[in-house]
Amino acid sequence: MNALTVTFAGVEFQNPIVLASGTAAYGRELDDIVDLEALGGLVTKAVSLLPRPGAKAPRVSDFPGGMINAIGLANPGLDVVRDTELPWLAAHLRRTRVLVNVVGNAVEDFADVIARLDASPGVSGYELNVSCPNVKAGGLEFGADRVVLRALIEQARAATRKAIVIKLSPTLADLAGTAQVAADAGADAITLTNTLPGLVIDVETRRPRIGFGSGGVSGPPLLPVGVLATWRVSRAVSLPIIGLGGVSRAEHALQYIMAGATLVGVGTASMVNPRAPERIVQELEHWCDRHGVTSLNDVRGTLEWPS
């Protein structure tokens, strides 16, 4: 076992670097550009019961120091992903683990998607995006209502024996408390965090830079937000964590690991440079060699808080 090998929710990953949901679609789009087999894992683009056309274009815009997007969870729907995308991943990835990102309009949608995907080969688990709106309950995001969140996770848990990862929003008033609810309901892990809401205005047209208006902010500004969220949640629950937000080099990944994360997601940086995740893996290897670290388990959670 090399220094970068980690175990996450009962699944062994060859290294802690995973492609965040939405940055690599379902894998094949990056196949000629990135050595996907060099990475620890890949989290697919969102999957919903039915196809979703997504938000009005333009969907993505950069600004100094970051990016804003409103994709609208566009995806081809469960049937296409099950019949076309997941078989491709299973045929092309032998070492890299696959987590399927799941979204829904109602509580029961998540379990329905999982139940209909669970026989697909090569899937190690599911990341449930509970930051999306509960359409049947007035649009409040699933993760913001703990009663709803508990029911959602319990239904999802009943639909699979594979890993269930809950992706939480950084805007929740009590992230640690919500993570504890997720743990009690049967979740195996937590992803921290989703994007922050924001608005970028084109001052020449006096209109938003993206078609939906507001969107999710990602990139470097999210790094300290995600690291703090990871540290707080890691102290509250024993579940493994995917740290996510603002990672573009090994130093950033190590901050998440020292704060308590087991895996580290790379999102915006891989859209700027698709080979950034591979480079981060190599940088982590060099860092471990320089510091005599034989296992990242010895680094995880070693943040020393000021007295």
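What order do you get for Leu89, Leu228 when you list them from fewest to most C-beta neighbours inside 10 Å?
By the 10 Å Cβ count, ascending: Leu228, Leu89.
Would you please report the Å³ per residue occupied by the convex hull of the alpha carbon atoms in the chain?
Hull volume over Cα atoms, normalised by residue count, gives 135 Å³.
Quick check: net charge around Val200, other residues with Cβ under 10 Å of its Cβ, Lys/Arg +1 and Asp/Glu -1?
With Lys, Arg at +1 and Asp, Glu at -1, the net is -1.
Using only the alpha carbons, work out the radius of gyration and Dmax of the range 116-228 in angstrom.
Taking only Cα atoms of the range 116-228, I get Rg and Dmax of 16.4, 53 Å.
If we count every other residue with Cβ under 15 angstrom of Val98's Cβ, Lys/Arg +1 and Asp/Glu -1, where does the sum land?
0
How large is the dipole of the range 6-298 about the Cα centre if only Lys and Arg carry +1 and Asp and Glu carry -1, each at its Cβ, rounded to the nearest 20 debye?
440
Can you sort Thr5, Thr191, Thr84 from fewest to most other Cβ atoms within 10 Å of each residue's own Cβ?
The most exposed by this proxy come first: Thr84, Thr5, Thr191.
What whole number of Å gives the distance from the Cα centroid of the range 40-56 to the Cα centroid of the range 182-239?
Taking the Cα centre of each part, the range 182-239 and the range 40-56 sit 17 Å apart.
Could you please report the charge total around Leu30, scoring K, R as +1 and D, E as -1 over all other residues with beta-carbon less than 14 angstrom from its beta-carbon?
Here the charged neighbours net out to -4.
Give the order of Tyr256, Tyr126 when sorted by the count of other beta carbons within 10 angstrom, beginning with the fewest.
The fewest-first ordering by Cβ neighbours comes to Tyr126, Tyr256.
Relative to the Cα centre, what is the charge dipole magnitude of the range 58-176, using +1 at the beta carbon of each Lys and Arg, -1 at the beta carbon of each Asp and Glu, and rounding to the nearest 20 debye?
420
Among Gly66, Val103, Leu89, which residue has its Cα positioned farthest towards the positive end of the charge dipole of the range 51-126, with +1 placed on the Cβ of Lys and Arg, -1 on the Cβ of Asp and Glu, and the dipole taken about the Cα centre?
Toward the positive end, the furthest listed residue is Gly66.
Using the charge dipole of the chain (Lys, Arg: +1 at Cβ; Asp, Glu: -1 at Cβ; taken about the Cα centre), state which of His291, Ala9, Pro224 has its Cα farthest towards the positive end.
So the residue we want is Pro224.
List the pair-distance distribution P(r) of the range 19-144, using every Cα-Cα distance, as the percent of pairs falling in each 5 Å bin from 0 up to the bin containing the longest distance, rounded to whole percents.
P(r) over the range 19-144, rounded to whole percents: 2, 10, 20, 23, 19, 15, 8, 3, 0.
Taking the Cα centre of the range 1-127 as origin and charging only Cβ (+1 Lys, Arg; -1 Asp, Glu), how large is the dipole, in debye to the nearest 20?
My answer is approximately 140 debye.
Read the figures in this text as sums done on the coordinates, not as results from a lab. What you see is a predicted model; the values in this text were computed from it and never measured. So basically every Cβ, Gly included, is an ideal-geometry build from the backbone, and we count neighbours across all protein chains shown.
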